[in-house]
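Enquirer: Shown below is the structure under consideration.
The values are calculated or read from the model by the stated rules, or taken from the named source; none is laboratory data. The structure presented is a predicted model; accordingly, all values stated were derived computationally and were not measured. As a convention, Cβ positions derive from the backbone with ideal geometry for all residues, glycine included, and neighbour counts pool all protein chains shown.
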Amino acid sequence: MSSTSPARQENGCHAHARGRLRGNPVKVPLLAAWLSICLSVPARAVDVVFSTGTLIAETSTASTRTKPTTSFSLPTQSAEVKDALEEFQRLVKHQAWEKAFKALDTITSKTASGYIDRSDGVLVPSRMLVRNLLGALPTAGKNAYRVFYDSQATALWEKAVGKTEVPNLSQIVNDHLISSVGDRAADRLGDIYFEQGDLDQAITAWRSIITYCPESKLPKAQIFIKLATGLARSGRWAEFRDIERTVRERYAGEGVELGGRRITAAEEIARLAATGQSAEVATAPALPADLDLPSEDDPLWQFRYQSKVDPLNPQQAFALVDIYGRPRANNFPIPAAADDKRVCVNLFGYEMAFDIVTGKLLWRTGKLHQLQNLQQMRQNQISPERYSIALVGDRVWSVLRDPEQLNQNPATFALTVRNAATGKEIFSSRKSLSTWSILGPPYPVGNVVYLGANRSNQNRELAVLVLNASDGKLLRTVTIGTHQVDQSQVYHERTALPSFLAYRDRLYVDTHAGALVSMQSQSGTFDWGVLYDSPPPQTGYYYNDYQPPPQSVSAPVLAAGLLFCKGMRSSRLLGVQPDGPSLAWDRPVSQTAMIVGVDQDHLYMGGEELAAYSLQTQELVWSTRLPQSAGWSVPLMTRNRLFQFTSRGICEVDKATGALVRVFRGIDLDSFGGSLLITPQALVTVSNLAITAYPSNSLSPKQTN
Amino acid sequence: MKRRFAFRSLWILGFAWLAWSAECQAQPAGSKPATSDGISVYGVAELTARPNVVEIDFRVTGKAELTADALVKYRDAKKRVLESLDKLKSKNISIEEHGLTISAGSMDLQQQQRILNGQQQAPAKPQIEVSSTMRIKLKEVRDIAPEELIKTVGKLLDVAQDSGILIGPNQADLLRNMRMGLGQGGSSAPVKFVVADAAEIREKVYEQAVADARDRAKRLAKLHQVRLGPAVSIQEVPSTTSRQAAYSPYYPFGLPQQDDGDDGESGTSTMLSEISLKVKLLVRFAIETPPPATAQQ
């Protein structure tokens, strides 16, 4: 860690930017270079403050990152905004502050939609850009800004009482952070959010003081301790350790006031760190307990999709053919879900529910032999991966298309919600949202459900529909962006279906086509977008030996204060710090890999092999190649184990070492493997050939190591 | 003028005779034994033996874009196999590692297109591959009943497969081999049955082949009322025929080769059966001139 003070570091960065602007008056830097300077300088400054190691990671990712090749486009700002940016850059260089701030006003007035490309694959909305531009101004510029805008900011500050307190403070922080009251407004806003329990917003507010207000008169130690408290309370220990190091090295002896008593920063950070150790242990049980796999191969019941196995083709239960009439391998996902009463499956639009203990058919929406007849027909666009099913409470949520219209193209998928006990339809988007085709599984959160979708006549579009979970009424539509390839024209590979992660008031959307987006879940306002490498899918008909790559899909996960995502066609694992945003991880991994889960120390990935990556060092800790498995087989993570249903049975792997502990063969050994569902009553495997339930009496929780 | 022409003809005839006689000397005994002096015979012997060692080859690989990742993957793949084999606690197992390679780069798209009939392929990033071959030797298996032996080999294969090791060539390699006329991987079959003491047995076979040759020669000498002299020339005849590559328009890189599974030369077979060790010798014995007759005769 450098001994230079954070203020000096930050000023150094700014001076560097200023030097470049003034020292080279003839050569006008390009807009991209300017944006890169403006937007990356504060991020770098933060990293310098936090840790040298992080700075190295930052410089090795964001600053050297070339613009990724994606197959997805996010909406970008108009040419008018770009012109205003160039104008601002030119005026700052000539220190024509008044005109420069007018140019900024133009940008601020166009903040409704669209991103500005930061030239490193990170796209930010205009409001964030404005804050970064102001933060990167030289001291003279900041002083000039205060002359012009302090009156507005002070007026907001003085009226920030009662109901208007939070909106006014937010406006100061968003629009006038470098004003004379900006730091105080951010500090107060952080306190309010902290009291309300919104720790992420509190952290963002306090962090903005350190990042954008280096000349603030507020006591640095106090701000750092507040930030550390927020990080500790929200379990972001990796970031906490960086702050802890900074406090110990620079502010150890300084006093801070907490709850009316005054103690040194070193004492308080030590106390928080001590709680961190116990908290880390306490958060471990969030994962399900380990299980003992059945000792006997005998199942409770098994349902095979074919009543009579074709001896010539025992592994192809569904007679799908390609455009040339050749049999198509049954290596596609079988959507299934289970709860403590039943197992539900969605077979190409025919939904079925089985009693979990007896295997008795509870209800169905069609007969399987009808499906077998339908599949004899030409079906080159059946897209098996677009079917899905989820059991939430007493409802079954399915995404499907009418089985009687399988030959109609382009395919239009709908969401159907049924009563899980009876199979009676509650609502369907086929009626209420007939112009939309659903993309991907539903993501119910509380009273709303999020759905990826495109309009039936716009197959490149990707939007998020927000529905009322009780009646399916459309609450909001948010357009995310545009695919470069028409998804209805992808015949051999998986179509890109979005994955969601809701965390507090944010919704993260991975398009699996090259873009990760953060948006406010209530308003649908975009925070930022990150582009990543994702080659476009191969389109067209291939007669010869085209081998589509196996592709696994996983949703983003949050761990150690970072948002991790791995696109379906991407060979990069991204770790994004949502505040900023900044790329902490941009690491090559296998293209077929998928995120399985995270714990305190490791991030686990599946796919062709199981692997654990250190959250601290980003290094591959261990890798275990299991027997071949279906591309859609998703490993299951428990407290100390990973389980995967492979073509040779269910493999149990030790999370600490990656060692294969046991293989439970079971009776479904002709299949490619598939998904694994665990309920209190039974362990259920779902393969391309059968659904098999094994008794739960041996599924007692195992003693943890 | 006529004299010069006659002189030249004599020269030509002379060279022609020299060339003919040289050719006769250069020809192998196997091709024209009848022209040699003495008695030429084949001595043939064959002994069969049950294999006493089973060799199983696994390919352990680690492949990744980052070399550090590839090394970790390779290290762990090897570790998993070794640990699994250790768990079997079999005393007769030994493991050898050989052929450690680090290769970089992947086949470029043009190459893929050429192999796959011009079919366009999805681009892939270059990868580093660390790989080696692990040879597991199961010793002292001669006295084990075949059913029991197959069961043991199956257990080893199961252990390897559960460790994620691919047994034999993968599907892509198999297709490429067939396309390139390299057969279906019979010669690279993962399980081989070996007569490890083939050298000792082969000694006996040689002795028998030599004895056989002498017996045959003696018989001929007796029938021709001549005395058999010492061996003046010995040549070993290969017991297997070399495989000839033939052209086929359907297999531009050569016809797929068939593997009979048995290689008597090295004492290995891909089949669990008795392995025959053959020796065939071509021996030329001199005919001893009878000593001149004496007064007593």
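Enquirer: Collect the residues in the stretch A:321-365 that are in a loop (DSSP other than H, G, I, E, B) and touching a Gly at 6+ places or on another chain (Cβ under 7 Å), keeping them in residue-number order.
Expert: Across the stretch A:321-365, the qualifying residues are A:N331, A:I334, A:T365.
Enquirer: Need pairs with beta-carbon distance below 7 Å; first residue within 14 Å of another protein chain (Cβ to nearest Cβ) and within the stretch B:81-100, second part of a strand (DSSP E or B) and of a type outside the set (A, V, I, L, M); sequence gap 6+ or separate chains.
Expert: Going by the 7 Å Cβ cut-off, the qualifying pairs are B:V81/B:F58.
Enquirer: For A:N313, only one of the following conditions fails: (1) over 21 Å from A:Q551 (Cα atoms); (2) out of contact with any Pro (no Cβ under 9 Å at 6 or more places or on another chain). What is its number?
Expert: (2)
Enquirer: If the requirement is being in a helix (DSSP H, G or I), farther than 26 Å from A:D579 by Cβ and at pLDDT below 80, which of these qualifies: A:E80, A:E86, A:E98?
Expert: A:E80
Enquirer: Test B:K151 against the stated conditions and say whether it is surrounded by 13 or more Cβ atoms within 10 Å (Cβ to Cβ) and either modelled with pLDDT under 75 or basic (K, R) (or both).
Expert: no
Enquirer: Still on this structure, please answer the following. Search the stretch A:610-626 for residues being within 14 Å of chain B (Cβ to nearest Cβ) and surrounded by fewer than 21 Cβ atoms within 10 Å (Cβ to Cβ), and hand back the single one that is farthest from A:V124 (Cα to Cα).
Expert: Within the stretch A:610-626, the match that is farthest from A:V124 (Cα to Cα) is A:V621.
Enquirer: Filter the stretch A:487-541 down to the residues that are over 18 Å from A:R386 (Cβ atoms) and of a type in the set (A, V, I, L, M, F, W, C) and list them by number.
Expert: Within the stretch A:487-541, A:L501, A:A502, A:L507, A:A515, A:L516, A:V517, A:M519, A:F526, A:W528, A:V530, A:L531 meet the criteria.
Residues checked against (1) out of contact with any Pro (no Cβ under 9 Å at 6 or more places or on another chain); (2) small (G, A, S):
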{"site": "A:L620", "(1), (2)": "yes, no"}
{"site": "A:R625", "(1), (2)": "yes, no"}
{"site": "A:G631", "(1), (2)": "no, yes"}
{"site": "A:M637", "(1), (2)": "no, no"}
{"site": "A:N640", "(1), (2)": "yes, no"}
{"site": "A:G649", "(1), (2)": "no, yes"}
{"site": "A:V653", "(1), (2)": "no, no"}
{"site": "A:G658", "(1), (2)": "yes, yes"}
{"site": "A:R662", "(1), (2)": "yes, no"}
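Enquirer: Where in the stretch A:416-471 are there strands (runs of 3 or more DSSP E), lying wholly inside it, with at least 3 residues that are in contact with an Asp or Glu (Cβ under 9 Å, 6 or more places away or on another chain)?
Expert: Values: elements: A:425-428, A:436-445, A:448-455, A:461-468.
Correct list: A:448-455.
Enquirer: Of the residues that sit in the stretch A:593-609 and are outside any strand (DSSP E or B) and under 19 Å from A:F643 (Cβ atoms), which one is farthest from the other protein chains (Cβ to nearest Cβ)? So that I can check it myself, show each step before the final result.
Expert: So in the stretch A:593-609, the residues outside any strand (DSSP E or B) come out as A:593, A:599-601, A:607-609.
Subset that is under 19 Å from A:F643 (Cβ atoms): A:593, A:599, A:607-609.
Numbers: A:A593: 10, A:D599: 19, A:G607: 12, A:E608: 9, A:E609: 7 Å.
Filtering the stretch A:593-609 for residues that are outside any strand (DSSP E or B) and under 19 Å from A:F643 (Cβ atoms), the one farthest from the other protein chains (Cβ to nearest Cβ) comes out as A:D599.
Enquirer: In addition: Name the single residue that is nearest to B:L88 (Cα to Cα) among those in the stretch B:140-166 being of a type in the set (G, A, S) and touching a Lys or Arg at 6+ places or on another chain (Cβ under 9 Å).
Expert: B:S163
Enquirer: Given (1) more than 28 Å from A:S534 (Cβ to Cβ); (2) of a type outside the set (S, T, Y); (3) without any contact (Cβ under 8 Å) to a residue 12 or more places away in the chain, identify the lone condition not met by A:G666.
Expert: (3)
Enquirer: Related question: Looking at the stretch B:233-246, can you tell me whether even one residue there is under 25 Å from the mean Cα position of the chain (by Cα), of a type in the set (V, I, T), at pLDDT below 90 and closer than 30 Å to B:K151 by Cα?
Expert: No, the stretch B:233-246 has no match at all.
Enquirer: Ok, one more. Could you list, in sequence order, all residues of the stretch A:627-672 that are over 20 Å from A:S295 (Cα atoms), under 27 Å from the mean Cα position of the chain (by Cα), within 12 Å of another protein chain (Cβ to nearest Cβ) and not hydroxyl-bearing (S, T, Y)?
Expert: A:G658
Enquirer: Still on this structure, I have one more. For the stretch A:132-238, which helices (runs of 4 or more DSSP H) that fit wholly inside it have 2 or more residues that are surrounded by 24 or more Cβ atoms within 10 Å (Cβ to Cβ)?
Expert: A:165-175, A:182-196, A:199-212, A:220-233
Enquirer: Something else about it: Just to check your reading of the model, which residue among A:L603, A:L636, A:L620 is of a type in the set (A, V, I, L, M) and in contact with a helix residue (DSSP H, G or I) (Cβ under 7 Å, 6 or more places away or on another chain)?
Expert: Values: A:L603 fails: in contact with a helix residue (DSSP H, G or I) (Cβ under 7 Å, 6 or more places away or on another chain); A:L636 fails: in contact with a helix residue (DSSP H, G or I) (Cβ under 7 Å, 6 or more places away or on another chain).
Result: A:L620 is the single residue among A:L603, A:L636, A:L620 that is of a type in the set (A, V, I, L, M) and in contact with a helix residue (DSSP H, G or I) (Cβ under 7 Å, 6 or more places away or on another chain).
Enquirer: When B:V72 is evaluated against the numbered criteria (1) in a strand (DSSP E or B); (2) farther than 18 Å from B:V194 by Cα, which criterion, by number, is the only one it fails?
Expert: Here B:V72 meets the rest and fails (1).
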